[in-house]
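This report refers to the structure that appears directly beneath it.
The values are calculated or read from the model by the stated rules, or taken from the named source; none is laboratory data. Remember, it's a predicted structure, so these values are computed and weren't measured experimentally. Ideal geometry is used to build each Cβ from the backbone, glycine not excepted, and the neighbour counts take in all protein chains shown.
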Number of protein chains: 2
Amino acid sequence: MPKIKNILFIMADQLRWDYLSCYGHPHLKTPNIDRLAERGVRFDRAYVQSPVCGPSRASFYTGRTVFSHGATWNMVPLPIGELTLGDYLRPNGVTTAVVGKTHMIPDREGMARLGLNGSTDIGCLVSQPGFDPYERDDGLHPDPLLRKKGGKLRYNDWLRSLGYEGENPWNDYANAGEGPDGEVLSGWYLKNSNLPARIREEHSETAYMTMRAREFISEMGDAPWLCHLSYIKPHWPYIAPAPYHDMYGPGSFSSAHRSQAERRDPNPVFEAFMKMEVSRTFSEQGTRETVLPAYMGLIKQIDDHLGRLFGWLEETGRSDDTMIVFTSDHGDYLGDHWLGEKELFHEESVRVPLIVCDPRKEADATRGTVSDAFVEAIDLVPTFMEATGARAASHRLEGRSLIPLLRGETPEDWRDSVFSEIDYAFYAARETLKLGPSDARGYMIRTDHWKYIHFKGFPPQLFNLGEDPDEFIDLGRSSGHEQIRQEMHNRLLERLLARKNRTTMTDDEVMEIRDRENESGIIIGRWQEPAAAE
Amino acid sequence: MPKIKNILFIMADQLRWDYLSCYGHPHLKTPNIDRLAERGVRFDRAYVQSPVCGPSRASFYTGRTVFSHGATWNMVPLPIGELTLGDYLRPNGVTTAVVGKTHMIPDREGMARLGLNGSTDIGCLVSQPGFDPYERDDGLHPDPLLRKKGGKLRYNDWLRSLGYEGENPWNDYANAGEGPDGEVLSGWYLKNSNLPARIREEHSETAYMTMRAREFISEMGDAPWLCHLSYIKPHWPYIAPAPYHDMYGPGSFSSAHRSQAERRDPNPVFEAFMKMEVSRTFSEQGTRETVLPAYMGLIKQIDDHLGRLFGWLEETGRSDDTMIVFTSDHGDYLGDHWLGEKELFHEESVRVPLIVCDPRKEADATRGTVSDAFVEAIDLVPTFMEATGARAASHRLEGRSLIPLLRGETPEDWRDSVFSEIDYAFYAARETLKLGPSDARGYMIRTDHWKYIHFKGFPPQLFNLGEDPDEFIDLGRSSGHEQIRQEMHNRLLERLLARKNRTTMTDDEVMEIRDRENESGIIIGRWQEPAAAE
């Protein structure tokens, strides 16, 4: 199989698995993403390692679970010792750049201990983390945060060059609407979500990042690259530029996917999340009706830009030597299950779209097919490594390459469950539950039929997905389900033990080491010297 | 409580918990170590994190389990991101030096990735790992290994200055005996263990390292220090200098602690270890009789040197401001359970002596007492930190400070089990069992009454320590014990989940972060701006 030359690794942020037409959304048509699925494999059961931006992305970039890499939440730095995509692909000559969001925080303390800082080449690289920083933009720039970070934002410079004025046009134009008297209404408040953003569509963030990806790809010429095109949208602030702000109305989405049964004697952790402001807001009449049109419009906009980008790749011949991957870092409850945001483990939160288009003829047989293999975010690093011919790193990587599946060959020992986890120390739910900083943890295992969630210090959740695909009936404390709970608990242990901790020695080195020991002169437990040869 | 100024952290290598008179050995008298126990607390249930030198020490030095730090075996480098004793104590002005063995391998690949090498100050420090390298000497120097490492060994230089000749007097004198015709007989072969080493006692390794520790302490003058005095002995090569080589005879030790029952239908992993050369050798008639006198003599020698060292500390006033800790990195089967070496989880292997003498008056109440609290190797780093007033690091450290126990206050939530683990990929047992490089793993949990060992891919072991303190009867597959096995299995899961993975953010920072979020201008799930104040 020839090597893949380039990889376009597209990530949307907070995009639910079911808000694309190829994944079955009845009203939101995403023909360009759908066409990518027709040219590749659409994974129908893809899960993230944690339904929160930072830890999820850290798993996408390191190929390791949060349990292993340790960046358990958005503001928790990725430890300097963790290797990322760039570490794996760069030695093979693949420029590995980010255009958009990574949400990664540099491990400044770890760097300082080793005498590194961001101003050196190595320091800069590890703080990105591992990506060549072509256009790093984490996409959230309220005024106080922007000022704290020094006020510099390339997107703002660009907007100002186009006539959008002020210190922070990101905030005042791209993520704000206007009232009837021309007053600026912040996109941070959900009631403004149905307004058009105060910006021309072609100057919005999605347009800008797509343009920058094209520039990066053009600049690369014939050199191999991985471009991580990482959109902030449809993540909040939920506000879309015209015409995307009012393409969808109440007829475009069903009512919230929730049941009164869920509020009766709920699991304490679930209950604490239901009490959070975002959950309460999304559970009120009117919120979904105001927010969903914007959420859907932002997705539609991404689809349109991807259509143009894919067309350009086609024209320039890049489609033939570029693997294209489309996914998301987690979903969005949007009021389903009486919740807002993400964090917990219902399908709306933890399941994501994942489409992989491999241009090689070996993948022809699977084009346009749907895979129901259990796939995890950690599978992408080994996939990209195998695709570009990088040396395997099975002593560190906890996922598996999807390349066999793209060839239509599902390995017999492919996983039969998926794993995800949460550190919710940073949420009001921890305070509600009066937990210490290391006690707000949850761990999910789902199999074909069951979903089990172990919460440290609280009863588990259990859903029978065969009989209750809605996840409305929590069997976590039900009598009669002790055995399946224990079975799932044992699976969780097995999964934790699969952690790759021996990261400093390759499997090959392990296999060779006994020979080296013999050469060392170290002799263990031998009674006497061998008899001299005759 | 005033701060402790200095710490003398003494480690013997491969010293069983029960080969000291204060721990009940009937024939081997160790009055100097016993006197230390009279001045401090003797911990009767102290366990190592892995019964192998390298991983055990990495846990002693990092305060983290092997599952977390990842140096799973002797030749596996400690990942560069792992902090050690020196990182914690040095900021408080405590020089943290090693005299003797650490067995730590630098993470050269991790260093190279970050542009570091051993020739810079930081590179040197992290490769030690974290200790100021006063007299680093890992104690195993067969000719091929010594040559591979460049042939330099300070102890050899010293021996040569004393008239011991050749390239490697460590090998030819300190660890060899002589035959009747003056021929050199290698200490590597067990049949030679009852010979006196070809070296004067005061030139042997134990004498040399004790002298070097004195030199270090003298050089430190009034500045605070931690001295890790780390003897290679009584680790093999089992050969002792006169007069220690023949102080003990067959009357000084009982027969091997083993039962024919253990060989009937044994657990497959246990069986594979019983088949290894060292186990077979130690199971043969004559081996114990030849080796044990040397093993015991080497311990007696350490005790004598410690007596002189303690006396000198007393004379120089250092006893008043120095915490003294004595322990070992693991035990030695010596033929018990039909095994040689260590690696598995019988008490002979995984349990170690641990004596802590705190000179402060707050510890007066516990002097000469015995604690039966479950204590682990990872408890020493937090103990040393609390003693010297270092800032706590509960986000990384997995052990607990022993200081409360030294004051006679056992916290109510003190642990009720101990945990240990093994990566046996590097042993013949892995080949016997035909395992892959990441599949040779075992994990032990012991409580007051039970010891449970989970072997990946094999049945567990279970011992009822109440009824079978000898650990002869493996209930790992016995019907009727399913429930206790499951309970212990669940405990194992709980212990694994206690892994500290969020190492880049302190607990205090976690608790403060929600305030910072409010300051950032990020607003999540709010319907509208607050009404303006009147």
Please find, among B:Asp508, B:Asp448, the residue that is within 11 Å of another protein chain (Cβ to nearest Cβ), among the acidic types (Asp, Glu) and surrounded by fewer than 15 Cβ atoms within 10 Å (Cβ to Cβ). B:Asp508
Those residues of region A:403-424 which are small (Gly, Ala, Ser) and surrounded by fewer than 24 Cβ atoms within 10 Å (Cβ to Cβ) amount to A:Gly408, A:Ser417
Selection within region B:60-72 - in contact (Cβ under 8 Å) with a residue 40 or more places away in the chain and over 20 Å from B:Thr327 (Cα atoms): B:Phe67, B:Ser68, B:Thr72
Among A:Ala393, A:Ala377, A:Ala365, the single one that is over 18 Å from A:Phe43 (Cβ atoms) and small (Gly, Ala, Ser) is A:Ala393
Looking only at region A:468-479, which residues are surrounded by 19 or more Cβ atoms within 10 Å (Cβ to Cβ) and either without any contact (Cβ under 8 Å) to a residue 40 or more places away in the chain or among the β-branched types (Val, Ile, Thr) (or both)? A:Leu475
Report every pair of residues separated by at least 6 positions or lying on different chains whose Cβ atoms are under 7 Å apart, first residue within region B:15-31 and closer than 12 Å to B:Tyr295 by Cβ and surrounded by 24 or more Cβ atoms within 10 Å (Cβ to Cβ), second modelled with pLDDT of 95 or more and of a type in the set (D, E, K, R). B:Arg16/B:Asp332; B:Arg16/B:Glu348
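What are the residues in region A:113-131 that are crowded, with 19+ Cβ neighbours inside 10 Å and either away from chain B (no Cβ under 11 Å) or of a type in the set (D, E, K, R) (or both), if any?
Matches in region A:113-131: A:Ser127, A:Gln128, A:Pro129, A:Phe131.
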Given the options B:Leu465, B:Leu492, name the one that is touching a strand residue (DSSP E or B) at 6+ places or on another chain (Cβ under 7 Å), over 16 Å from B:Glu271 (Cβ atoms) and more than 12 Å from chain A (Cβ to nearest Cβ). B:Leu465
I'd like to know if region A:167-177 contains one or more residues that are in contact with a Leu (Cβ under 7 Å, 6 or more places away or on another chain), facing another protein chain (nearest Cβ under 10 Å) and over 24 Å from A:His103 (Cα atoms). no
Single residue of B:Thr72, B:Thr65 found to be in contact with a strand residue (DSSP E or B) (Cβ under 9 Å, 6 or more places away or on another chain), buried (at least 21 other Cβ atoms within 10 Å of the Cβ), under 26 Å from A:Pro106 (Cα atoms) and β-branched (Val, Ile, Thr): B:Thr65
Could we say that B:Tyr427 is within 11 Å of chain A (Cβ to nearest Cβ), surrounded by 22 or more Cβ atoms within 10 Å (Cβ to Cβ) and in contact with a helix residue (DSSP H, G or I) (Cβ under 7 Å, 6 or more places away or on another chain) here? no
A:Glu183 is checked against (1) under 23 Å from A:Leu306 (Cα atoms); (2) within 12 Å of chain B (Cβ to nearest Cβ) and fails just one. What number does that condition carry? (1)
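Quick check on A:His481: is it farther than 21 Å from A:Glu376 by Cβ and in contact with a strand residue (DSSP E or B) (Cβ under 8 Å, 6 or more places away or on another chain)?
On the way: farther than 21 Å from A:Glu376 by Cβ: yes; in contact with a strand residue (DSSP E or B) (Cβ under 8 Å, 6 or more places away or on another chain): yes.
When the stated conditions are applied, A:His481 passes them.
Of the residues A:Glu135, A:Glu167, only one is of a type in the set (Asp, Glu) and more than 26 Å from A:Ser218 (Cα to Cα); which?
Working: A:Glu135 fails: more than 26 Å from A:Ser218 (Cα to Cα).
Only one candidate passes the filter, namely A:Glu167.
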Residues of region B:182-211 being part of a helix (DSSP H, G or I) and either crowded, with 21+ Cβ neighbours inside 10 Å or not charged (D, E, K, R) (or both), which ones? B:Leu190, B:Asn192, B:His203, B:Glu205, B:Thr206, B:Ala207, B:Tyr208, B:Met209, B:Thr210, B:Met211
Could we say that A:Ser230 is away from chain B (no Cβ under 14 Å), among the small types (Gly, Ala, Ser) and buried (at least 24 other Cβ atoms within 10 Å of the Cβ) here? yes
Please verify whether region B:298-319 includes one or more residues that are in a helix (DSSP H, G or I), among the acidic types (Asp, Glu) and within 14 Å of chain A (Cβ to nearest Cβ). no
Given (1) surrounded by 13 or more Cβ atoms within 10 Å (Cβ to Cβ); (2) on the phi < 0 side of the Ramachandran plot, number of the condition A:Gln483 does not satisfy: (1)
I'd like to know if region A:114-134 contains one or more residues that are in contact with a His (Cβ under 9 Å, 6 or more places away or on another chain), part of a loop (DSSP other than H, G, I, E, B), modelled with pLDDT of 90 or more and of a type outside the set (Ser, Thr, Tyr). yes
Given the condition out of contact with any Leu (no Cβ under 7 Å at 6 or more places or on another chain), assigned to a loop (DSSP other than H, G, I, E, B), buried (at least 24 other Cβ atoms within 10 Å of the Cβ) and basic (Lys, Arg), answer yes or no: does some residue in region B:145-155 qualify? no
Listing of strands (runs of 3 or more DSSP E) fully contained in region B:322-385 that carry 1 or more residues being under 17 Å from B:Tyr295 (Cβ atoms), at pLDDT 95 or above and not polar (S, T, N, Q): B:351-357
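Considering only region B:430-445, state which residues are hydrophobic (A, V, I, L, M, F, W, C) and either more than 19 Å from B:Asn267 (Cβ to Cβ) or within 10 Å of another protein chain (Cβ to nearest Cβ) (or both).
B:Ala440
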Residue ID - farthest from A:Leu493 (Cα to Cα), chosen from residues in region B:413-467 that are in contact (Cβ under 8 Å) with a residue 24 or more places away in the chain and of a type in the set (S, T, N, Q): B:Thr432
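Any residue in region A:85-97 that is over 19 Å from A:Asp138 (Cβ atoms), of a type in the set (S, T, N, Q), buried (at least 24 other Cβ atoms within 10 Å of the Cβ) and in contact with a strand residue (DSSP E or B) (Cβ under 7 Å, 6 or more places away or on another chain)?
The answer is no; no qualifying residue exists.
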Can you find a residue that is polar (S, T, N, Q) and closer than 16 Å to B:Glu38 by Cα anywhere in region B:346-353? no
What number of residues within region A:386-396 satisfy the criterion of being free of Cβ contacts under 8 Å to residues at least 24 places away in the same chain and assigned to a helix (DSSP H, G or I)? 1
